[in-house]
Amino acid sequence: MEIFEQKKAQSLKYLFILNPVAGVGGRRNFLHMIAVACREKEVKHKILFTRSRGDAGKIIRKHFDKYDVFVAVGGDGTMNEVASALAGTTGIMGLIPAGSGNALGRELGISMRPEKAVHQLLNGHATRIDSGLANGRRFMNVCGLGFDQHIAGCFAKSTSRGPIPYFYSAMKEFFSYQPATYDVETDGVINQYNAFVLTVANTSQYGNNAYIAPKASVTDGELDFCSIQPIGFFGGLGLGLRMFNKTMDRSRLYTGFKTKKVIINGKNLNFHVDGEPVKNSNPIEISIDPLSLNIVVP
């Protein structure tokens, strides 16, 4: 970050990596908005588009030595790709949230209004935040199993985006989903959880201000383990309300603790990282990678 601060008086070079199918405005709107803001600030920049999954990482690796800040413009998928490519390096990430959940942006105080987010980016400062690793797959928000993972898989197949389609998908699948039992090892001790949802969180929320781990922090060097017992429909409604008023951890159905590493075993070990489904049959080792990412914040 010292390099970022030193160069701030000079001309930083920004590479905007835009997912054209994400979010809150047309492609032309984003192009115009970024161009105007950079011109006003006299910032050197370039915009490149992703075409398929994995493109953001390829773009960063190809242009790593040519730019100072690599800006993810899109949803959690684009954010995750950019963060995964930059974590553990000297590279600096920027973020303009333009997707469905935008948990990391909300966590860092980045505006959900693209115009304001660009202004924050060009006038912000760099800081370091934690990230998580699940069997080598990096996540910035959450790694989830159980119903959490099941809905992520359903949503990934859907062409609709946003909180309403997500809610509809969750309601549709709720009654047919069967909870599973997991063995969770921390500090050499194994506990068993019969869980509807099992989440290991870096950010406090899934996105859309739905808080699964109200006490989580992206700078505390720890992850928040969260387990929700099997629930009925009305119990689910109650937990839904708790999720949006930040009281999930007060429910008798909720078990949570902070940890640096957990190992999860069981029959159904498919999981997701930041909403991206991962098919898996091996034990899942989830750990914190403290202060591993440089990112621009307001």
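No value in this document is a laboratory result; all are computed from the given coordinates. Nothing here was measured: the structure is a model prediction, and the numbers come from that model. Here the Cβ is made from the backbone with ideal geometry for all residues, glycine too, and neighbour counts use every protein chain on show.
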With only Lys, Arg, Asp and Glu charged, each at its Cβ (+1 for the first two, -1 for the last two), find how big the charge dipole of the chain is about the Cα centre; round to the nearest 20 debye. 940 debye
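Tell me the net charge near S217. Cut-off is 10 Å between Cβ atoms, S217 excluded, with +1 for each Lys or Arg and -1 for each Asp or Glu. Spell out each step's value before the answer.
Numbers: positive: K215, K258; negative: E107, D130, D220, E222, D224.
With Lys, Arg at +1 and Asp, Glu at -1, the neighbours total -3.
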Degrees separating the helix 163-174 axis from the principal Cα axis of the chain, which is the longest one: 20 degrees
What does the charge count around L95 come to, taking other residues whose C-beta lies under 11 Å from its C-beta (Lys +1, Arg +1, Asp -1, Glu -1)? -1
For the chain, take the longest principal axis of its alpha carbons; what is the angle in degrees between that and the long axis of helix 27-41, to the nearest 10 within 0 to 90? 50 degrees
Segment 253-298: trypsin sites (Lys or Arg not before Pro) in DSSP loop, at most 14 other beta carbons within 10 Å: K260, K267, K279
Only loop residues by DSSP count here, and only those with at most 13 other Cβ atoms within 10 Å; note down the trypsin sites (Lys or Arg not before Pro) in segment 27-91 that meet that. R51, R53, K66
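Taking a ≥ b ≥ c as the square roots of the Cα gyration tensor eigenvalues, with a/c under 1.5 meaning rounded and otherwise prolate when a/b beats b/c, else oblate, which class fits segment 2-123?
Working: a/c = 1.37, a/b = 1.12, b/c = 1.22.
It is rounded, given that a/c, with a ≥ b ≥ c, falls under 1.5.
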Out of Q120, I190, S217 - ranked by how far each Cα lies towards the positive end of the dipole of the chain, with unit charges on the beta-carbon of charged residues - the top one is Q120
Max mean-square fluctuation residue, GNM over the chain, Cα-Cα springs under 10 Å, options D249, D76, D274: D249
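Where does each of R113, R242, R252, R138 land when they are ranked from fewest to most other beta-carbon atoms within 10 angstrom? The partial results should precede the final answer.
Details: R113 13, R242 19, R252 6, R138 23.
The fewest-first ordering by Cβ neighbours comes to R252, R113, R242, R138.
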Links that overshoot a 18 Å alpha carbon limit, given the list K215/K260; K46/K66; K13/K66: none
When each pair of different Cα atoms in the chain is counted once in the 1/r mean, what is the Kirkwood radius in angstroms, to one decimal? 19.6 Å
Label-point gap, in nm, between N135 and K44 - each point 7 angstrom along Cα→Cβ: 4.3 nm
Value at 222 nm in deg cm²/dmol, rounded to 500, when DSSP H runs of n ≥ 4 in the chain each add -39,500 (n - 2.57): -9000 deg cm²/dmol
Just to verify a number: FRET efficiency for H63 and F234, C-beta to C-beta distance, R0 = 51 Å, to 0.05? 0.45
